[in-house]
Every structure is written in structure tokens, then in C-alpha cells.
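Asks: Sending over a structure as C-alpha cells; questions will come in a sec.
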Amino acid sequence: MTKIRTRFAPSPTGRMHVGNLRTALYAYLITKHEGGDFILRIEDTDQERLVEGAVDIIYRTLQKTGLVHDEGPDKDGGVGPYVQSERQKSGLYMEYAKQLVDKGEAYYCFCDKERLESLHQTIQLENGETKEINVYDKHCLSLSKEEVEANLAAGKPFVIRQNVPTEGTTTFHDDIYGDITVNNAELDDMILIKSDGYPTYNFANVVDDHLMGITHVVRGNEYLSSSPKYNRLYDAFGWEVPVYVHCPLITDEEHHKLSKRCGHSSYEDLIEQGFLTEAVVNFVALLGWSPEDNQEIMSLEQLIQKFDYHHMSKSPAVFDYTKLKWMNGEYFKAMDEDVFYEMALPYMKEVIHKDLDFHKIARMVKSRIEIFPDIAGHIDFFEEMPEYDVAMYTHKKMKTDAQSSYEVLKEVLPLLEEQEDYSNDALYQMLLGYVEEKGCKNGYVMWPIRTAVSGKQMTPAGATEILEVLGKEESLSRIKKGIALLEAAI
């Protein structure tokens with residue numbers, strides 16, 4: 001059986017879009033599921049779109065997500081170079097393009113920009129609207145060999161175009177979408193070699209995939225329309241066509257294509273918003289695929305074991321931001337406490353500038369947040385007591401109101417003043433004794449105390465845990481202010 005070889009071939013044009021990350025992930029999972037090789041190839045043939053530092057972003061993202069490549073610019077597997085601009089220097093792509101010219105499968109085109117812009121036709125879209133498009137009219141295909149040689153000798157600028165028949169059909173097979181047949185008349189004579197001598201993405205892709213032994217090509221379904229032209233190139237060279245795996249479109253919640261302008265469209269956007277890499281990878285894996293057992297929380301190792309690309313969907317995948325946040329929260333809950341503390345500490349210190357026990361605060365919020373920035377809203381009261389209304393002391397379930405809360409706080413204040421041990425357990429046991437003596441439920445006592453020391457209806461921990469972190473002096477100060485607030489209101 002042939003060893004599976006997949007590749008991730010990004011263009012270094014900026015941050016890694018979620019769609020690109022999914023392509024890389026699926027290519028990685030397909031090959032690792034079968035024990036194959038995952039190749040990284042940098043496609044930098046479009047020199048105008050290159051962004052400085054973008055190659056570093058690619059490496060950094062793959063490393064952080066665990067998508068370790070077996071071959072690439074930094075790991076020669078014998079089929080390099082793995083950067084297209086370096087491959088281009090050897091004249092590789094021009095050599096293969098000329099082979100197609102000799103076979104009649106491609107031709108030199110010397111048309112200038114003005115002529116090309118004049119070649120437009122009106123087509124009708126499915127929604128009834130019309131659109132102006134440019135379709136090349138094969139003008140230069142009719143040039144004689146002598147005319148071509150004369151133009152080349154004169155140094156006239158040229159491109160090399162694929163020669164697609166205007167009649168008949170082309171059929172290709174995709175492992176997700178099945179057999180797809182298109183009329184050749186719909187296929188434009190795409191450019192293979194540009195006027196700057198660089199190959200187009202489409203042409204370099206085919207040549208490199210063949211020379212690198214790529215068995216499975218994973219890409220977004222926006223390339224479905226180009227696949228017939230790719231197949232014609234493979235057939236023209238007499239090469240074996242790889243297995244195509246086209247991934248479904250990713251949309252936002254409004255079912256619009258997830259654009260780069262979207263605030264969470266790239267991996268780095270999501271990390272900056274407080275998501276964990278493991279959760280992002282897990283979530284992205286489910287954008288168009290699900291395991292047979294419908295398990296949702298999976299490590300990269302589990303994804304490798306379970307991934308079967310035949311179960312990918314044809315339907316667009318919705319980037320459900322709410323679900324990603326839920327998933328991230330599940331990862332927080334399962335995370336090692338010390339690891340969580342180290343990651344959460346910068347977010348806690350943005351809010352709290354006092355010398356408090358951040359380890360205890362981290363344990364409080366660990367199971368309550370979905371993304372790191374959520375921490376602030378849970379713990380801000382530790383830094384400064386917020387203004388609050390006495391109505392917060394009223395709680396139907398606890399059977400408390402302003403009057404009963406005032407009485408409880410007045411009675412527990414001397415007990416808290418006498419208490420020396422302000423650990424959670426000691427405080428709880430002391431107050432439990434008061435509850436038993438009073439003959440009431442825990443909440444009847446704990447709710448007023450928690451309200452007085454936090455000023456919030458929702459807190460990440462119970463009354464005695466908050467008292468422990470605040471310490472005796474600050475706790476007593478807040479309870480006295482609570483008593484004064486209640487006294488003024490009743």
C-alpha cells in the first residue's frame with residue numbers, strides 16, 4: 001500500500017485564517033491516522049501579497065497547535081526545496097510549462113493589458129443578476145511557431161496559458177463531493193507562468209504535489225471549480241491524479257463566509273481573545289467533520305485515532321462562537337490547577353493590585369469562566385468594593401430581606417471580630433455553629449455575609465472562601481459598611 005503523504009501549503013500573507021488552520025489540521029489528521037507523512041511547503045509565488053514575518057507566524061502556529069511536519073524548509077526529506085520561490089530559481093516550473101507547450105497543452109500569450117481588459121462578457125448568475133467577467137479568447141493560440149519565436153527573441157512580455165478544449169466535458173472525483181463533471185467551455189485558459197516568470201499558484205501546486213509524492217490533496221471547496229483544470233494538467237503530463245478532499249465552507253452565525261475582517265477569523269485572534277490552543281484545535285476539527293460516536297471534547301491524539309475524512313460534511317460549517325466558548329470552559333475545568341494558575345495570573349493581576357492569595361482566587365474561577373477575560377468580572381470586587389443596592393440582600397430562596405440581613409450581620413460581627421483563624425474551614429465551622437444555634441438554614445446567614453463582602457449577586461465562591469482571601473481586617477471593614485448601609489435603609 002502506498003504511504004499517504006499530505007501537505008499544507010500556505011501563502012505567507014499574514015495571520016493564519018481559521019480555514020487554513022482547518023486545512024492543515026485535516027491534512028495532518030488524514031496522514032497521521034494512517035501513519036503517513038505531513039509536509040509543509042511555503043507557497044510564495046505571489047510576491048505582491050507577501051507579508052514580512054508571515055512565515056514565522058506559520059511555523060509558530062503549527063508548533064503551538066501540535067501539527068508537527070515531517071518535511072519542510074527546515075526538515076529536508078529529499079524532495080526540496082520546500083519554498084516555491086527557491087524552486088522557481090532553478091527554472092523548474094518553466095521547464096514543465098514548456099513541456100506542455102510542446103505537447104499542445106499550453107501556449108505562449110503575448111496580449112497586453114489593454115487587450116485583456118477589453119475581453120469581457122456578460123453572464124447570468126443563479127439569482128438572476130448579471131456579472132461582467134473576462135474570458136480569454138485563445139487569440140495567441142493561433143500564432144505560428146515562427147511568430148512565437150520572433151516575439152520571444154524580441155523580448156516581448158508573455159505568459160504561458162493552459163490550452164483547454166472548448167468542446168466536451170471534464171470529470172473529476174472528489175472523495176467528499178463525488179464525481180463532478182463540467183463543460184470545457186466553462187473553463188478559462190488559466191495562466192501557468194506569469195509575466196514575471198513566476199508560476200501561478202494553480203500550476204506550481206500541481207507540479208510540486210507530483211514531485212513531492214503527495215497522495216491526498218486537502219483544500220477548501222472554493223477550489224472545486226479549479227479542479228477540472230488541475231486534472232487536465234495531470235493527464236497532460238501522464239501523472240497519477242491524487243485523492244481530492246475538499247473541505248466545506250466555513251460561515252459565521254449569519255451564514256456569511258468567515259472573512260479575514262471577522263474579529264475571530266484567525267488562530268491568533270482567538271488566542272488573544274483568551275482561548276486555549278487545545279480548545280481551538282478541537283473546535284476547528286469539528287467544522288465539517290464529526291466522529292462516529294459524536295464525542296465532542298477530544299485531544300489531538302484522540303482526533304488522530306478517530307479521524308475518518310469520509311465522514312466529512314458537504315454542507316457549510318457554522319463557526320459557532322458560543323459553542324467554542326463552552327468548549328474552552330470545559331478545557332479549563334479539566335486543566336491542571338498549577339497550569340491554569342500560571343496562565344490566569346496575568347489576567348488576575350490586571351484587576352487586582354493587592355497582595356492577595358492568587359492561587360485561591362484562581363481555584364475559585366477555574367470552573368466558572370469560558371475565556372480568560374471573563375476572570376475580571378468574577379474577581380473585581382476583591383480589588384474594590386462596588387456600590388450596591390440593599391435590595392440585593394433580599395433573596396426568596398434564602399428567605400432573607402434587608403431587616404433579617406441586618407440582624408444577622410450585627411450578630412455575626414462580634415464573632416468574626418473574635419475569630420483569629422481566618423481559614424475557610426475554621427470560618428465555616430464557626431458560622432455553622434451560629435446557624436445551628438439560630439435554628440436556621442445556612443443560606444440565611446451566608447447570603448448576607450457574602451453580599452456584604454462582595455457587593456455582587458454572583459461570586460466565584462462562597463462567603464467563607466471570600467472572607468479567607470480578603471483577610472480579617474478587610475472582611476470586617478466591608479461587613480461594617482454593609483451594616484451601615486442596611487441601617488440607613490430600614
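The values are calculated or read from the model by the stated rules, or taken from the named source; none is laboratory data. None of the values given here were measured: they were computed from a predicted structure. Note that each Cβ is placed from the backbone with ideal geometry, even for glycine, and that neighbours are counted across all protein chains shown. Heavy atoms of the whole protein, side chains included, go into the accessibility calculation; ligands, DNA and RNA do not. Shrake-Rupley method; radii C 1.70, N 1.55, O 1.52, S 1.80 Å.
Asks: How about Lys145: which lysines have a C-alpha closer than 28 Å to its C-alpha, ignoring those fewer than 8 places off in the same chain?
Replies: Lys89, Lys98, Lys103, Lys113, Lys156, Lys194, Lys229
Asks: Say each of Asp357 and Glu48 gets a label point 7 Å from the Cα, pointing the same way as Cα to Cβ; how far apart are those two points in nm?
Replies: So the two model labels end up 6.3 nm from each other.
Asks: Right, something else. Please work out the Cα center distance from the stretch 455-472 to the stretch 172-237, rounded to the nearest Å.
Replies: 62
Asks: Expressed in nm to one decimal, what extension gain is obtained for the pair Asn294 and Glu268 from 0.36 nm per residue of sequence separation less their Cα-Cα distance?
Replies: Working: separation 26, 0.36 × 26 = 9.36 nm, distance 2.77 nm.
The Asn294-Glu268 span can extend by a further 6.6 nm.
Asks: At a 1.4 Å probe radius, carbon and sulfur cover how many percent of the accessible area of the chain?
Replies: Numbers: 11380 of 23900 Å².
In the chain, the share of accessible area belonging to carbon and sulfur is 48 percent.
Asks: Here is a follow-up. In the stretch 1-81, which trypsin sites (Lys or Arg not before Pro) fall in coil by DSSP and have 11 or fewer other Cβ atoms within 10 Å?
Replies: Numbers: sites: Lys3, Arg5, Arg7, Arg15, Arg22, Lys32, Arg41, Arg49, Arg60, Lys64, Lys75; in loops: Lys3, Arg15, Arg41.
Those that pass, being in a loop and sparsely packed, are Lys3.
Asks: Let me ask something else. Which label marks the calculated value of Cα extents along the principal axes in Å, given the options (1) 80, 58, 37; (2) 70, 56, 34; (3) 108, 49, 41?
Replies: (3)
Asks: While we're on this one: What are the lysines whose alpha-carbon lies under 16 Å from the alpha-carbon of Lys397, with same-chain residues fewer than 8 places away excluded?
Replies: In chain and number order, the partners are Lys441.
Asks: If you don't mind, there's one more thing I want to ask. With the crude spin-label approximation of a point 7 Å out along Cα→Cβ, what separation in nm comes out for Ser477 versus Lys98?
Replies: According to this spin-label approximation, the distance is 8.3 nm.
Asks: Filter the trypsin sites (Lys or Arg not before Pro) in the stretch 192-263 down to the DSSP loop ones having no more than 15 other Cβ atoms within 10 Å, then list what survives.
Replies: Values: sites: Lys194, Arg219, Lys229, Arg232, Lys257, Lys260, Arg261; in loops: Lys194, Lys260, Arg261.
Here the trypsin sites (Lys or Arg not before Pro) that fit, given the DSSP loop and packing criteria, are Lys260, Arg261.
Asks: On to the next question. With a 1.4 Å probe and all protein chains kept in place, how much accessible area does Tyr198 have, in Å² rounded to the nearest 10?
Replies: Accessible area of Tyr198: about 50 Å².
Asks: Which of the lysines could be linked to Lys360 by a straight reach, that is with a Cα gap under 26 Å, when you skip same-chain ones fewer than 8 residues away?
Replies: Here the lysines satisfying the reach criterion relative to Lys360 are Lys325, Lys333, Lys349, Lys456, Lys472, Lys480, Lys481.
Asks: Of Glu436, Glu48, Glu147, which has the most accessible area with a 1.4 Å probe, and how do the rest follow in descending order? Could the numbers behind the result be given before it?
Replies: Working: Glu436 135, Glu48 175, Glu147 90 Å².
From most exposed to least exposed: Glu48, Glu436, Glu147.
Asks: For the residue pair Arg115 and Glu411, what label-to-label distance in nm results when each label sits 7 Å from Cα along the Cα-to-beta-carbon direction?
Replies: In this crude spin-label approximation the distance works out to 9.9 nm.
Asks: Provide the per residue accessible area, probe 1.4 Å, for the chain, rounded to a whole number of square angstrom.
Replies: Values: 23900 Å² over 490 residues.
For the chain, the solvent-accessible area averages 49 Å² per residue.
Asks: Here is a further query. In the chain, what % of DSSP beta bridges are antiparallel (nearest 5)? Could you put the intermediate results ahead of the total?
Replies: Working: 23 of 38 bridges.
Rounded to the nearest five, the antiparallel share is 60 percent.
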